[in-house]
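The values are calculated or read from the model by the stated rules, or taken from the named source; none is laboratory data. Please read all numbers here as calculations on a predicted model, not as lab measurements. Neighbour counts are summed over all protein chains in view; Cβ atoms, including those assigned to glycine, are modelled from backbone coordinates with ideal geometry.
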Amino acid sequence: MSNPLKWKSIILLLATTFFWGLTFVYVKEGTAVIGVYSFLSLRFFIAAAVLQLLFIRRRRPLRAETVKEGIKLGLLLTLSYVLQTEGLQSSSVVNSAFITGLFVVFVPFMSPFFSSQKPLPLHILAAAMSLAGLLFMTGVDPETFVIGDLLILGCAVSFALYVVLVGNMKAGHDSIQLTVIQLYVVAGITFLVETAAHGTLRIPPDWDIWYTVLFCALFATSFSYSVEIHYQRNLTDTQAALIYSMEPVFAAAAAWFMLGEVFSSPMIIGSIMIMTSMFISATHTKGHSS
């Protein structure tokens, strides 16, 4: 692969995945101070506004169909992030990252409901292996299981559905408009929930918490979506999926380095099994020619 554009795309997508991995640590720290819904509302409002400003010169008419699709996907994205962030309150960063990554395994089983694609025998093997890995990480010792793990499993299912819907969406939508609408939907819903519960958003009290919000908004959302939109098209679906499957590895490294999380033997075995199942699913996903 001597094409410089492909190498640039790989490096930028790896950077995106690295930022996503770090996000698990920052979200856990930030939400502990200002709560789940204030954190999500601030993160996604800032990300949407920045992305809108970055592409302000793209003056294209906004289609009603794009608004409809953006709202639909935004609702599903909201559910995914709420489940993940709520789950992270009691789950460890490592468990959260690896369980979220299971969406790669779930995608082939949701595709038949929206297209003619059917799961292959290897997908079934990957699903069985991921289930065994999940049991190792969360259920070998009943005392290690927390409700947060179950919420994050729900996030993985929700995000898998989101990925399938995006993949089967009709062509013709402006990708920036579609993305910005989704981000504003997440920001708006979480703002309504927070203000209904507490009367107002809880604003970060110091720079440390503002830093976590801004990191997640600017690097893990605005930057990441921009890279996805412009550079993922230069790689096959399989290449992109393999890069994205590194997210839990980066998250685990960050959890060890920044939070001092300790990995038990069952967690290590389970994470290896889940990682293997993700690679099996990713390398047997229908891709486009490059």
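Filtering the stretch 247-273 to residues that are more than 26 Å from residue 128 (Cα to Cα), aromatic (Phe, Trp, Tyr) and either surrounded by 22 or more Cβ atoms within 10 Å (Cβ to Cβ) or touching a Phe, Trp or Tyr at 6+ places or on another chain (Cβ under 8 Å) (or both) leaves only 256. All of (1) of a type outside the set (Phe, Trp, Tyr); (2) without any contact (Cβ under 8 Å) to a residue 12 or more places away in the chain; (3) assigned to a helix (DSSP H, G or I) hold for residue 148 with one exception: (2). What about residue 85, is it without any contact (Cβ under 8 Å) to a residue 60 or more places away in the chain, of a type in the set (S, T, N, Q) and over 13 Å from residue 163 (Cα atoms)? Yes; evaluated as a whole, the condition is true for this residue.
Does the stretch 242-253 hold any residues that are touching a helix residue (DSSP H, G or I) at 6+ places or on another chain (Cβ under 6 Å), assigned to a helix (DSSP H, G or I) and within 14 Å of residue 15 (Cα to Cα), and which are they? The answer is 242, 243, 244, 247, 248, 250, 251.
Listed by position, the helices (runs of 4 or more DSSP H) inside the stretch 1-100 whose residues that are modelled with pLDDT of 95 or more and among the polar types (S, T, N, Q) number at least 1 are 4-34, 36-54, 64-88. Of all residues in the stretch 245-273, those being among the charged types (D, E, K, R) and either at pLDDT below 80 or within 21 Å of residue 43 (Cα to Cα) (or both) number 1.
Look at the stretch 218-244: where a residue is farther than 22 Å from residue 42 by Cα and a partner is in a helix (DSSP H, G or I) and of a type in the set (Lys, Arg), sitting 6+ places away or on another chain with Cβ atoms under 6 Å, you get 234/6.
Condition first: surrounded by 22 or more Cβ atoms within 10 Å (Cβ to Cβ) and either over 15 Å from residue 106 (Cα atoms) or of a type in the set (Asp, Glu) (or both). Now tell me which residues in the stretch 152-179 satisfy that. Passing the criteria: only 179.
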